[in-house]
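> So that we are looking at the same thing, I have put the structure below in structure tokens.
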Amino acid sequence: MPELPEVEVSRMGIKPHAEGQVVSKLDIRQPQLRWRIPDALYDIEGQVIRAVKRRAKYLILETDIGYALVHLGMSGSLRVLPVGSPPGKHDHVDLHLATGVMIRYNDPRRFGAWLWQPNDSDHPALEKLGPEPLTDDFTGDLLFDRSRGKRTAIKQFIMDNAVVVGVGNIYASESLFMSRIHPKRQAGQLTLDEANVLVADIKDVLATAIKQGGTTLKDFTQTDGKPGYFAQELLVYGKQGQPCSVCSTEIESAKIGQRNTFFCSNCQK
Ligand SMILES: [Zn+2]
């Protein structure tokens with residue numbers, strides 16, 4: 001599943017091709033994604049894409065009259081291809097640009113989304129979102145304050161988009177391991193020192209993943225393959241039964257809030 005780093009790398013992949021360019025045509029072959037693609041999305045035809053931004057796991061294609069919101073869902077990916085490239089089975093949307101290339105959206109499971117929001121207000125999907133993890137708005141003080149009195153497991157807490165956006169299942173396990181914090185600890189029991197360490201590790205693990213994914217940027221203009229998904233060096237995620245890289249204790253797995261969680265019970269308290 002594409003997580004924040006994949007979405008950010010997708011943004012970096014399409015930005016140089018799309019920013020400042022006129023949308024010449026929108027071609028929707030399959031409108032039934034997670035939500036049906038609204039007819040209003042055709043308003044983007046003839047508009048200049050002023051900026052390609054990201055908020056949480058949404059890509060935002062800004063124009064003078066509104067913006068398209070693109071979510072990759074469980075299995076979505078974007079490529080930049082010459083207009084006229086024959087579509088494959090799961091290529092549901094093409095956004096043609098006047099330069100002769102198109103942004104093509106592929107999504108086998110169709111849990112992604114293409115939405116349109118006129119400039120008069122913010123899309124509801126963007127409301128009530130917590131801070132971006134890689135900005136200065138996300139601090140140890142903020143995590144500490146928001147976690148007071150919370151009995152939720154710390155792993156579930158940092159995965160709550162109202163607390164901070166974009167800390168997906170992989171990155172929650174990885175950052176808690178780096179911080180030596182047990183994923184089942186109650187969020188309210190975190191000390192300020194631990195909150196500072198955890199915030200630094202969340203930033204570190206996400207920034208490292210984006211950097212690793214940046215090496216796949218050339219794949220965005222190739223006709224085969226799946227750009228935006230990249231192999232990463234993980235410390236605990238998916239490694240149950242393997243020795244901890246720090247103390248050699250077997251990595252354990254458990255379900256927390258229905259999600260698989262991986263940790264070292266010796267290193268993490
Ligand atoms: Zn260990």
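The values are calculated or read from the model by the stated rules, or taken from the named source; none is laboratory data. Here the structure is a predicted model, which is why all the values come from computation and not from measurement. No Cβ is skipped: glycine too gets one built from the backbone with ideal geometry, and neighbour counts run over all protein chains shown. Side chains are part of the model used for accessible areas, which takes the heavy atoms of the whole protein and leaves out ligands, DNA and RNA. Shrake-Rupley method; radii C 1.70, N 1.55, O 1.52, S 1.80 Å.
> In contact with a helix residue (DSSP H, G or I) (Cβ under 9 Å, 6 or more places away or on another chain), surrounded by fewer than 16 Cβ atoms within 10 Å (Cβ to Cβ), modelled with pLDDT under 95 and on the phi < 0 side of the Ramachandran plot: which single residue out of Gly214, Gly188 fits that description? Show your work before the answer.
Details: Gly188 fails: modelled with pLDDT under 95.
None of the other options fit; the residue is Gly214.
> Another question, if that's okay. Is it the case, given these coordinates, that Arg110 is open to solvent by 30 Å² or more (accessible area, probe 1.4 Å) and not small (Gly, Ala, Ser)?
Answer is yes for this residue.
> Confirm whether Ser265 is open to solvent by 20 Å² or more (accessible area, probe 1.4 Å), touching a residue at least 60 places away in the same chain (Cβ under 8 Å) and part of a loop (DSSP other than H, G, I, E, B).
yes
> Out of (1) in contact with a Pro (Cβ under 9 Å, 6 or more places away or on another chain); (2) open to solvent by less than 10 Å² (accessible area, probe 1.4 Å); (3) among the hydrophobic types (A, V, I, L, M, F, W, C), the odd one out for Ala153 is which?
Tallying (1) in contact with a Pro (Cβ under 9 Å, 6 or more places away or on another chain); (2) open to solvent by less than 10 Å² (accessible area, probe 1.4 Å); (3) among the hydrophobic types (A, V, I, L, M, F, W, C), Ala153 fails exactly one: (2).
> Further, regarding this structure: Can you go through Leu176, Leu206, Leu198 and tell me which one is in a helix (DSSP H, G or I), within 16 Å of Asn260 (Cα to Cα) and of a type in the set (A, V, I, L, M, F, W, C)?
Answer to the check: Leu176.
> Determine if the stretch 142-164 includes at least one residue that is under 19 Å from Tyr58 (Cα atoms), assigned to a loop (DSSP other than H, G, I, E, B) and assigned by the TED database to the domain that holds Asp27. Working first, answer last.
Pass one, the stretch 142-164, residues under 19 Å from Tyr58 (Cα atoms): 158-164.
After this cut, where a residue has to be assigned to a loop (DSSP other than H, G, I, E, B) as well, the list is 159-164.
Checking which are assigned by the TED database to the domain that holds Asp27 leaves us with none.
No, because not a single residue in the stretch 142-164 is under 19 Å from Tyr58 (Cα atoms), assigned to a loop (DSSP other than H, G, I, E, B) and assigned by the TED database to the domain that holds Asp27.
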